[in-house]
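One structure below.
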Amino acid sequence: MEQLFPVLFVAALIAFVMMKQVGHITGNLNLQGDTNAFDKYSQFSVAIQNHIRAIKLDIDSTKQIENPRYILIKDCNEENSIEKLSDFLRKLVFFETLLAKKKTSNEIEGELFGILSELDEFIKQNCEDGELLAEELKDNLLTEYEG
């Protein structure tokens, strides 16, 4: 029994060291993956911003756009809608900054999903043919994300 204790102690020590090493290695892999993912999320954020700017330009009555795709429904307040789109832009700019690198891929994806869900709802509720336009936007963004 006395001989078993040192053997168990050494085995536990070896297991502890191995767990630390594996944790250290996998932690480095996650950081490298997040750096690559950060660039992809940053580029995707820019693509979303470009679409939002196009929507904002279409619904702004002070800009004389021929054949705008996005037209507000009659009951919708233009000023509030433009402000809401500006809020989306402000949120998306975050993903281009260094602060976004401190977040994990899952956190960034969750925040992007939240913004895209709000944008989808905004288009459906405030634009003529909102369902169709929201679906087109989803398809375009999916293509840009995968490309």
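Amide H to amide H, which residues 5 or more places from C127 or on other chains are under 5 Å from it, using H placed in the peptide plane? Placed amide hydrogens put I73 under 5 Å from C127.
Binning the alpha carbon pair distances of the range 43-147 at 10 angstrom intervals from zero yields the distribution 14, 47, 30, 9, 0, expressed in whole percent. Look at I123, I71 and count the other Cβ atoms within 10 Å of each Cβ; fewest to most, that gives I71, I123.
Quick note: the coordinates plus some simple rules give every number you see, no bench work behind them. These figures come from a predicted structure and were not determined experimentally. Backbone-built Cβ (ideal geometry, glycine too); neighbour counts: all protein chains shown.
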